[in-house]
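Scroll down for the structure; my scribbles are underneath it.
The values are calculated or read from the model by the stated rules, or taken from the named source; none is laboratory data. Values in this document were obtained by computation on a predicted structure and should not be read as measured data. Every residue, glycine among them, receives a Cβ derived from its backbone with ideal geometry; neighbour counts consider all protein chains shown.
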Amino acid sequence: MKILVTGGAGYIGSHTAVELLNAAHDVVVLDNYCNSSAVALERVAKIVADETGRPAQLTAVEGDIRDRAALDTLFSEHDIDGVVHFAGLKAVGESVAKPLEYYENNVGGSITLCQAMQAAGVFNLVFSSSATVYGEPPEMPIREDFPIGVPTNPYGRSKLMVEEVLQDLARSNERWSIALLRYFNPAGAHVSGLIGEDPQGIPNNLVPYISQVAIGARKRLSVFGGDYPTTDGTGVRDYIHVVDLAKGHLSALNWMQGNSGVGIWNLGTGLGYSVLDMVRGLEKASAREVPYEIVDRRPGDIAECWADASKAAAELGWKAELGLDQMMADTWRWQSMNPDGYKKQGQG
Ligand code: NAD
Ligand code: UD1
């Protein structure tokens with residue numbers, strides 16, 4: 001199949017592009033590089049050529065999902081079978097400061113993309129949603145049939161809004177086949193060390209922050225809260241290896257071959273690890289100390305969050321296979337091979 005990957009130069013998109021190409025799909029990436037580098041796509045092509053022994057069928061298009069004319073051109077030039085839609089903004093704090101940018105990119109951009117897909121007769125869509133749509137769930141683990149919660153910030157609300165737009169769209173025309181994938185906490189990197197997460201500025205998320213402390217770029221980790229009702233008092237999350245997550249998108253595309261309507265799946269491991277488990281995991285992988293101090297809780301954080309991943313296993317035949325040791329070893333390989341992310345290449 002020929003798959004359009006919006007935001008394919010980003011963290012999860014680049015890993016998904018590798019898996020799609022390795023599975024012999026053709027990939028067209030559309031990205032405006034607002035939070036990524038074209039170098040990531042060169043690396044994707046190298047990984048695929050190394051792993052498969054054949055050149056990657058990868059086309060990179062620089063452009064914006066809000067640009068309807070650019071989308072129409074892309075769909076007229078490429079015979080696209082399905083779209084995996086990652087493009088969007090994802091920094092929670094920034095979304096509070098710049099709500100219009102978030103709604104314009106994440107909600108407006110997704111609507112423009114769907115309009116262009118409909119006009120081009122492309123009805124298969126995989127959307128990157130988030131466990132944030134559950135708000136503060138009543139119990140763990142989180143199942144897909146739990147009530148939708150109240151996200152505490154514009155980023156979270158933008159994900160929920162797009163989910164609702166897509167549900168309405170599927171109700172309007174039975175040709176649509178839409179997968180809403182609710183990611184838990186993606187972490188890790190490709191085993192080659194060539195692609196990984198490359199946050200701009202101070203990382204918002206735990207794993208990139210810890211690995212920057214280990215490499216010496218930051219002094220110490222602030223652990224947000226040591227008094228949660230969890231095993232060691234720190235927050236618990238379901239960290240999923242980005243390569244497992246990427247493979248979940250292939251499973252969703254396969255589901256679309258015989259199904260229409262909307263499917264909703266948690267992509268998580270079903271396991272919860274605390275902040276201190278993650279610190280110890282990276283210390284082990286890097287053989288370095290990660291200094292930390294316990295500080296106040298971060299507003300909007302919940303104590304714990306992990307997935308019931310059984311629906312994806314039953315319906316998609318997908319489950320996470322890589323454990324914490326592998327996740328941390330891969331994080332550290334990426335961090336130590338690319339201490340400045342993709343910037344050393346003079347791009348991004
Ligand atoms: P990322 O920032 O690394 O990737 C997003 C990509 O989209 C970037 O390459 C960026 O340049 C591009 N982009 C942004 N706006 C665009 C636009 N208007 N037009 C074209 N390209 C645009 O983020 P990621 O971690 O890979 O996340 C991918 C998706 O998954 C996002 O939608 C994000 O909200 C969602 N998600 C991420 C996480 C996470 O923890 N990383 C968790 C849940 C959901
Ligand atoms: C956050 C976002 C969520 C988004 C997800 C993936 C918030 C409130 N939620 O989830 O909407 O979908 O990222 O991008 O921001 N921690 C520290 N110190 C740090 C960073 C994090 O102790 O410097 C702790 C947090 O308190 C939490 C855990 O580490 O317990 C994971 O944090 P993070 O990586 O930011 O992910 P989430 O908060 O789960």
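Residues that are in a strand (DSSP E or B) and within 15 Å of ligand 1 (Cβ to nearest atom) do occur in region 297-320. For beta carbons closer than 8 Å, sequence separation of 6+ or different chains, a first residue in region 1-13 that is under 14 Å from Ala60 (Cβ atoms) and a second that is surrounded by 24 or more Cβ atoms within 10 Å (Cβ to Cβ) and among the acidic types (Asp, Glu), the qualifying pairs are Thr6/Asp31; Gly7/Asp31; Gly8/Asp31; Ala9/Asp31; Gly10/Asp31; Gly13/Asp31. Checked against the criterion of being more than 17 Å from Gly156 (Cα to Cα), crowded, with 23+ Cβ neighbours inside 10 Å and away from ligand 2 (no atom under 14 Å from the Cβ), region 86-99 contains not a single residue that satisfies it.
Of the residues making up region 64-110, those that are among the polar types (S, T, N, Q), within 11 Å of ligand 1 (Cβ to nearest atom) and within 23 Å of Ser177 (Cβ to Cβ) number 2.
Could you run through region 106-120 and say how many residues are more than 15 Å from ligand 2 (Cβ to nearest atom), within 20 Å of the chain's Cα centre (by Cα) and free of Cβ contacts under 8 Å to residues at least 60 places away in the same chain? Count: 6.
Within region 180-207, how many residues turn out to be without any contact (Cβ under 8 Å) to a residue 12 or more places away in the chain and within 8 Å of ligand 2 (Cβ to nearest atom)? Matching residues across region 180-207 total 1. Has region 210-220 got at least one residue that is touching a Phe, Trp or Tyr at 6+ places or on another chain (Cβ under 6 Å) and more than 8 Å from ligand 2 (Cβ to nearest atom)? Within region 210-220, one or more residues are touching a Phe, Trp or Tyr at 6+ places or on another chain (Cβ under 6 Å) and more than 8 Å from ligand 2 (Cβ to nearest atom). Hey, could you check region 124-143 for residues that are in contact (Cβ under 8 Å) with a residue 24 or more places away in the chain and farther than 21 Å from Asn106 by Cβ and say which is surrounded by the most Cβ atoms within 10 Å (Cβ to Cβ)? So, considering only residues that are in contact (Cβ under 8 Å) with a residue 24 or more places away in the chain and farther than 21 Å from Asn106 by Cβ, the one surrounded by the most Cβ atoms within 10 Å (Cβ to Cβ) is Ile142. Of everything in region 298-348 that is surrounded by 18 or more Cβ atoms within 10 Å (Cβ to Cβ) and hydroxyl-bearing (Ser, Thr, Tyr), the residue that is farthest from Leu267 (Cα to Cα) is Tyr342.
Scan region 13-24 and tell me whether some residue there is outside any helix (DSSP H, G or I) and buried (at least 24 other Cβ atoms within 10 Å of the Cβ). Checking region 13-24: not a single residue is outside any helix (DSSP H, G or I) and buried (at least 24 other Cβ atoms within 10 Å of the Cβ). Just one residue in the set Val207, Val236, Val243, Val191 is within 30 Å of Lys311 (Cα to Cα), touching a His at 6+ places or on another chain (Cβ under 8 Å) and either surrounded by fewer than 18 Cβ atoms within 10 Å (Cβ to Cβ) or modelled with pLDDT of 95 or more (or both); that residue is Val243. For Val61, which of the numbered conditions (1) more than 8 Å from ligand 1 (Cβ to nearest atom); (2) closer than 25 Å to Asn204 by Cβ; (3) among the β-branched types (Val, Ile, Thr) fails to hold? Just one mismatch for Val61, condition (2).
The set of residues from region 329-348 being within 16 Å of ligand 2 (Cβ to nearest atom) and within 17 Å of the chain's Cα centre (by Cα) comprises just one member, Thr331.
The set of residues from region 299-348 being among the small types (Gly, Ala, Ser) and touching a strand residue (DSSP E or B) at 6+ places or on another chain (Cβ under 6 Å) comprises Ala307, Ala309, Ala312, Ala320. Just one residue in the set Ser158, Ser130 is closer than 15 Å to Ala307 by Cβ and touching a Gly at 6+ places or on another chain (Cβ under 8 Å); that residue is Ser130. Cβ-Cβ contacts under 9 Å between residues 6 or more apart (or on different chains), taken from a first residue in region 331-343 that is farther than 18 Å from Leu41 by Cβ to a second residue that is among the basic types (Lys, Arg) and surrounded by fewer than 20 Cβ atoms within 10 Å (Cβ to Cβ), are listed as Trp332/Arg288. If the condition is being of a type in the set (A, V, I, L, M), more than 15 Å from His85 (Cα to Cα) and within 16 Å of ligand 1 (Cβ to nearest atom), then region 19-44 contributes Ala38, Val39, Ala40, Leu41, Val44.
Restricting to region 155-179, and then to whatever is away from ligand 2 (no atom under 13 Å from the Cβ) and of a type in the set (Gly, Ala, Ser), can you tell me which residue is surrounded by the fewest Cβ atoms within 10 Å (Cβ to Cβ)? Taking the candidates together, the pick is Ser172. Of all residues in region 1-18, exactly one satisfies the criterion of being more than 8 Å from ligand 1 (Cβ to nearest atom) and polar (S, T, N, Q), namely Thr16.
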